Amino acid sequence: MTRRVLITGVTGQDGGYLAEQLLAAGDEVVGTVRSPGGALGAAGLGHLDGHVRLLVADLLDPQSVKDAVTDARPDEIYHLAAPTFVPDSWKDPTEVTAAVVTGTAAVVAAAGRLETEARVLVAASSEIFGDCGVSPQDEGSPMRPRSPYGVAKLAAHGLVRTLRSGQDRHLVSAVTFNHESPRRPERFLPRKVTAGVAAIAAGRADELTIGDQAAVRDWSHAADIVAGMVLALRHDVADDYVLASGVPRTVGDLVDAAFAAAGVERLVPTREGQIRDRVVTDPRFVRPPEQWPPVGDPSKARDVLGWRPTRTFEGLVGEMVAADLERLRGAG
């Protein structure tokens, strides 16, 4: 069955992978961009030009969001658009709260007014758990966010759950844990690591400066996560699903995997006969230890949806390092 699908934030990391997967399956894809100047090519998705119809929708302008949903007339909506860089939410929580909460409300409201109501998936975040008191976290874990971004995402998550139960609507919340790819911006730690190691391998840098290597995260490939989103939205019963690898890894594990993928030694001898670590810890980037590391339990997605990630952690890091090396070659 061919479906018309609307992806908000189609030029983001997740939106791009999702659009590719849906188009490959024969679906019609409509995507939103924040301004008329938004383009697929600028996001590295030029190969999708002519295959994805673009509409303008700014999360800070709820009417533009509702207009885009009405114009698209979709069978399904994947609401992925949102500010994604958590530290920015501390500077001023006003915009992130408005964008996440009001934007989600506008999407869900507009979907319910269509002649044939659209199914909606909203991308939540592991940030909703925060100091929850347990690790790993599943759909029933306590939710005590510790960032303004997490608070906003929890409000959107709660809205989906409330409207689903109160109005018997097909609304899904996908609680996604850290997921990466070569399309991730370099301000995010995994890309900072792979780009930094690639620069060392290319002889353009001598060391990598990061924060706490003992910090724990749960990393997956973005393409696997969006595949889980499709399974969740197309399941007969709408529900909440944690999408994660379920495997805790440290930043140090990420760094070691990047050096291995680049074929470069992390520890090198000095002229004085000592051993020097190419990785330097900057105290400014070290956060207080997390008592309850953000690690997801994807058992429900596995058991109910049959979701199985297809990429390994080492494969993900290797793909990112290879892409960063290619960028350096292209840059001359």
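The values are calculated or read from the model by the stated rules, or taken from the named source; none is laboratory data. Keep in mind the model is a prediction, meaning the values are calculated, not measured. Methodologically, a virtual Cβ is constructed for each residue, glycine included, from the backbone with ideal geometry; neighbour enumeration extends over all protein chains shown. For accessibility, only protein heavy atoms count, side chains too; no ligands or nucleic acids. Shrake-Rupley method; radii C 1.70, N 1.55, O 1.52, S 1.80 Å.
Work through the residues other than A195 whose Cβ is under 11 Å from its Cβ and net out their charges, Lys, Arg +1 and Asp, Glu -1.
Net charge around A195: +4.
Give me the net charge of P248's neighbourhood, meaning all other residues with Cβ under 13 Å from the Cβ of P248; Lys, Arg count +1, Asp, Glu -1.
On the way: positive: R217, R249; negative: D218, D253, E290, D297.
The answer is -2.
What do you get for the angle between helix 189-201 and the principal long axis of the chain? Use alpha-carbon atoms, 0 to 90 degrees, nearest ten.
That helix lies at roughly 40 degrees to the long axis.
Hey, if you put +1 on the Cβ of every Lys and Arg and -1 on every Asp and Glu Cβ in segment 144-281, which of G150, A262, F177 ends up farthest toward the positive end of that dipole?
G150
Can you tell me the accessible area per residue over segment 95-219, all protein chains present, probe 1.4 angstrom, in square angstrom?
37
By how many degrees, 0 to 90 and rounded to 10, does the Cα axis of helix 222-234 deviate from the longest principal axis of the chain?
20
Near L60, within a Cβ-to-Cβ distance under 15 Å, what is the net charge of the other residues, with Lys and Arg +1 and Asp and Glu -1?
Numbers: positive: R34, K66; negative: D58, D61, D67, D88, D92, E95.
With Lys, Arg at +1 and Asp, Glu at -1, the neighbours total -4.
Can you give the angle from 0 to 90° between the axis of helix 251-262 and the longest principal axis of the chain, with both taken from C-alpha atoms, to the nearest 10?
Its long axis makes an angle of about 70 degrees.
What is the percent carbon and sulfur in the accessible area of the chain, measuring with a 1.4 Å probe over the protein chains and ignoring ligands? Walk me through the numbers before you get to the answer.
Values: 7590 of 14930 Å².
Solvent-exposed carbon and sulfur of the chain make up 51 percent of the total.
How would you classify segment 40-102 from its alpha-carbon gyration tensor, with a ≥ b ≥ c the square roots of the eigenvalues: rounded for a/c under 1.5, else prolate if a/b is greater than b/c, otherwise oblate? If you can, show how the numbers build up before the last one.
Working: a/c = 2.67, a/b = 1.41, b/c = 1.89.
Oblate, because a/c is 1.5 or more while a/b does not exceed b/c.
By its C-alpha gyration tensor, with a ≥ b ≥ c as the square roots of the eigenvalues, how is the chain shaped: rounded for a/c under 1.5, else prolate for a/b larger than b/c, else oblate? Please list the in-between numbers first.
Working: a/c = 1.97, a/b = 1.56, b/c = 1.26.
Here the chain falls in the prolate category.
Quantify how much of the Cα-Cα distance distribution of segment 182-297 extends past 20 Å, in percent. If you can, show how the numbers build up before the last one.
Numbers: 3533 of 6670 pairs.
Everything past 20 Å amounts to 53 percent.
For the chain, what is the charge dipole size about the Cα centre, in debye to the nearest 20, if Lys and Arg each add +1 at the Cβ and Asp and Glu each add -1 at the Cβ?
Numbers: 36 positive and 44 negative charges, 52 e Å.
For the chain, the charge dipole is close to 260 debye.
For H47 and T270, what does the FRET efficiency come to when R0 = 56 Å and r is the distance between their Cβ atoms, rounded to the nearest 0.05? Show your work: numbers first, answer last.
Details: r = 46 Å, r/R0 = 0.83.
Calculated value: 0.75.
Name the residue from Q291, V69, S89 whose Cα lies farthest towards the positive end of the charge dipole of the chain, charges +1 on Cβ of Lys and Arg and -1 on Cβ of Asp and Glu.
About the Cα centre, the residue reaching furthest to the positive side is S89.
Kindly work out what percent of the DSSP beta bridges joining two residues of segment 201-299 are antiparallel, to the nearest 5. Can you show the working numbers first?
Working: 5 of 8 bridges.
Counting only bridges with both partners in segment 201-299, antiparallel ones make up about 60 percent.
Based on DSSP, what percent of beta bridges with both residues in the chain are antiparallel, to the nearest 5? Show your work: numbers first, answer last.
Values: 5 of 39 bridges.
Among the beta bridges of the chain, antiparallel pairing accounts for roughly 15 percent.
At a 1.4 Å probe radius, which order do E139, E95, E76, E115 fall into by accessible area, largest first?
E115, E95, E139, E76
Give K91/K300; K66/K300; K153/K300 a once-over and call out the pairs whose C-alpha atoms are over 30 Å from each other. Please list the in-between numbers first.
Numbers: K91/K300 36 Å; K66/K300 32 Å; K153/K300 21 Å.
Where the Cα-Cα span goes over 30 Å, the pairs concerned are K91/K300; K66/K300.
How far apart, in nanometres, would the label points at V304 and L60 be if each is projected 7 angstrom from Cα along the Cα-to-Cβ direction?
Placing both labels 7 Å along Cα→Cβ, they lie 3.6 nm apart.
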